[in-house]
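Undergrad: A single structure is presented below for examination.
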Amino acid sequence: MSRAATRNTSSPRRPAANAKRRKGARASRPSILDRLIAALPVSQHTLHRIIAWTITAAIGAAAIAVATWFGVPQAIYTGAAEAVGRAGLRVNQIEVQGLKRMDRMSVYAMALDQQSRAMPLVDLGTVRQRLLGYGWIADARVSRRLPDTLVIDIVERRPAAIWQNEGQLMLIDAKGVLLEPVSPQRMPDLPLVIGDGANEQEPQFQLLMEAAPALKPMVRAATWIGNRRWDLIFKSGERLQLPEGKAEAARALAKFAELDGTQGLLGKGYIRLDMRDPARLVVRMPDEDDKVIQGSAPAATNNSQTATGAAG
């Protein structure tokens, strides 16, 4: 009786050392996330700080939203906001944009005048209203830039003239808003308006000069007389007296510009040119009687030649 031969068909086990080496190789190979982090142009320390600030900002925003939604009492809200401030959401920097002429430190002082510098407690509307109370500022926008910056965008007014009243000089804009005092030694090259209330009449003065734009660079000053009319003082020394009323003054100034273009009235030595009566132009030379130039432009041209000759 023959003994059947038995055959072991199972495959031999691989050495345990090979398995350990494969496991070690898999463990040492960096993951896709690790490779992406390593490719970033910042250090791991900086990246961790960015992540920490992002989480803090998100928590702070969520706290504000929850408190607002559920009507948390003011004391609790203030405490939560202060905690957020201590966590890093606190005003440490102020960025001011659009500032050209006014004092930067004044802007900083108004922005930092807060009961708390915790970002949630900074009253942006109050800061804006304070800024709008400053003469130079026509408009302002205040916003937060988390985690620690207050951003202020300013639109400044442009000086258009100098107002002289009771010996004081003040820069004003085209609407007559007071900007800042000016010293006589450092007066800018701007028109001078003189008299009580002349600053409030600055817009009307600008409209008046549009009636004769060629004369505008020749005007040295304008005096608001009796709260009702203008006297123009030219750089060549003459004083032009205009009538009351916006339309009447504009027509008289346009007529004077026409006569000056044809007659050359400025620079002739006149000390006064009176057009308070729109029907006639009265001129005065030093130490001489007044000379009258009558009526409309054609007639005034003929008469003015005679009057000028008599005055000369």
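Undergrad: Could you count how many residues in region 222-252 are in a helix (DSSP H, G or I) and within 34 Å of the chain's Cα centre (by Cα)?
TA: At the first step, the residues of region 222-252 found to be in a helix (DSSP H, G or I) are 246-252.
Now restrict to residues that are within 34 Å of the chain's Cα centre (by Cα): 246-247, 249-250.
The number of residues fulfilling the criteria is 4.
Undergrad: Let me ask something additional. May I ask you to say which residue of Ala211, Ala138 is surrounded by 14 or more Cβ atoms within 10 Å (Cβ to Cβ) and more than 16 Å from the chain's Cα centre (by Cα)?
TA: Going through Ala211, Ala138 in turn, just one is surrounded by 14 or more Cβ atoms within 10 Å (Cβ to Cβ) and more than 16 Å from the chain's Cα centre (by Cα): Ala211.
Undergrad: In this structure, does Ile172 turn out to be in the same structural domain as Glu200 (by TED's automatic domain parsing) and in a strand (DSSP E or B)?
TA: It is true that Ile172 is in the same structural domain as Glu200 (by TED's automatic domain parsing) and in a strand (DSSP E or B).
Undergrad: For the subset of region 223-274 comprising residues that are polar (S, T, N, Q) and closer than 19 Å to Ala161 by Cβ, which member is surrounded by the most Cβ atoms within 10 Å (Cβ to Cβ)?
TA: Thr223
Undergrad: How about region 82-99: which of its residues are modelled with pLDDT under 65, aliphatic (A, V, I, L, M) and surrounded by 16 or more Cβ atoms within 10 Å (Cβ to Cβ)?
TA: Matches in region 82-99: Val84, Ala87.
Here's the yes/no breakdown for (1) within 23 Å of Ala254 (Cβ to Cβ); (2) touching a residue at least 12 places away in the same chain (Cβ under 8 Å); (3) touching a Lys or Arg at 6+ places or on another chain (Cβ under 7 Å):
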position	(1), (2), (3)
Gln164	no, yes, no
Leu171	no, yes, no
Val177	no, yes, yes
Leu192	yes, yes, yes
Ala198	yes, yes, no
Trp224	yes, yes, no
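Undergrad: From the list Gln129, Gln115, exactly one residue is more than 26 Å from Arg228 (Cα to Cα), without any contact (Cβ under 8 Å) to a residue 12 or more places away in the chain and in contact with a helix residue (DSSP H, G or I) (Cβ under 8 Å, 6 or more places away or on another chain). Which is it?
TA: Just one listed residue meets the conditions, Gln115.
The values are calculated or read from the model by the stated rules, or taken from the named source; none is laboratory data. Quick caveat, the model's predicted, so the values are computed rather than measured. Here Cβ is always computed from backbone atoms with ideal geometry, including for glycine, and neighbour counts include all displayed protein chains.
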